[in-house]
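Notes follow the structure.
The values are calculated or read from the model by the stated rules, or taken from the named source; none is laboratory data. Note that the structure is a prediction, hence the values are computed from the model and not measured. Glycine also receives a Cβ, built like all others from the backbone with ideal geometry; neighbour counts cover every protein chain displayed. Ligands, DNA and RNA are excluded from the accessible area calculation, which covers all protein heavy atoms including side chains. Shrake-Rupley method; radii C 1.70, N 1.55, O 1.52, S 1.80 Å.
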Amino acid sequence: MRRFILLLTTIIVAACTDVYVEPTPIADNALTLNVSIEESSDTRIQLNEAGKTVWNSGDYLSVYYANSFSKWRFNGNDGDRTGTITPDGSVGNKVPVMINVVAVYPYGDYAYSPTTKMLTATLSAEQSYIDGSYGENGNMLVAYSTNGNLQFKNVYGWLKLQLKGDNQMVKSIVVKGNNYEQIVGDVEINVNTLETSLTSYGMQVVKLDCGDEGVALS
């Protein structure tokens, strides 16, 4: 039996719960941020055997602070759920102050307003199949911190389809919203509360592409 996962912008906040993380003191001039993944988060490309979200070595993230934006890299190993991130390349004299830091996985030049704390991103209407997990760079994780400890939470909801059959190939799966509902597209995210809303550019159909050869059911 094959498991297919689609990411949708429905039931978003219901997937998020707060988990307390003991703050770790960080010097004001440190170019290091602590990262962890919220316990109930079941999103991202790689899941461990317990179905938990984990980091991959060399994951890249977008970090926003003090009206600046830079690319940061995860320093841990494949399968870690906690670790640190550091800038990928020089950030000049823009040393991050550990107040109102926002980080986003996967890396991208998102539109972010520090005044309103609103982040704009796009959930693609065509997603790629990966066995037992999410498509590469598929689901988004967001963290907001005032002390340098970033706890990431999943933003999007997800739909899991389990199909079985004999000698059958699946090349793609298409899901449509009820009553012309928008289920993917441009979305605005409050990084502090993770409340989200689709913009007027949302789409009603999402397709999971299983590749030219397709996926064999079992």
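Any idea how far apart N77 and S200 come out in nm if each label point goes 7 Å out from Cα toward Cβ?
It is 5.2 nm.
At 1.4 Å probe size, with no ligands or nucleic acids counted, give the accessible surface of F152 in Å², nearest ten.
F152 has an accessible surface of roughly 0 Å² with all protein chains in place.
Between L217 and K160, what FRET efficiency follows from the Cβ-Cβ distance if R0 is 22 Å, with the result rounded to 0.05?
For L217 and K160, the calculated efficiency is 0.90.
Let me know the Kirkwood hydrodynamic radius for the range 94-218, please, with Cα pairs as the basis and the value in Å to one decimal.
Taking the inverse mean of 1/r over all distinct Cα pairs, the range 94-218 comes out at 16.5 Å.
Please list the equivalent ellipsoid semi-axes of the range 149-218, computed as the square roots of five times the alpha-carbon gyration tensor eigenvalues, in descending order and whole angstrom.
Listed largest to smallest, the semi-axes of the range 149-218 are 31, 17, 10 Å.
Could you work out the local net charge near V205, counting Lys and Arg as +1, Asp and Glu as -1, over the other residues with Cβ closer than 14 Å to its Cβ?
So the surrounding residues net to -1.
Please calculate how many Å² of accessible area the range 75-198 carries per residue, with a 1.4 Å probe and no DNA, RNA or ligand atoms counted.
Value returned for the range 75-198: 52 Å² of accessible area per residue.
Of the listed peptides 161-173, 195-207, what is their order by residue-averaged count of other C-beta atoms within 10 Å, with the highest listed first?
Ranking, from highest mean packing down: 195-207, 161-173.
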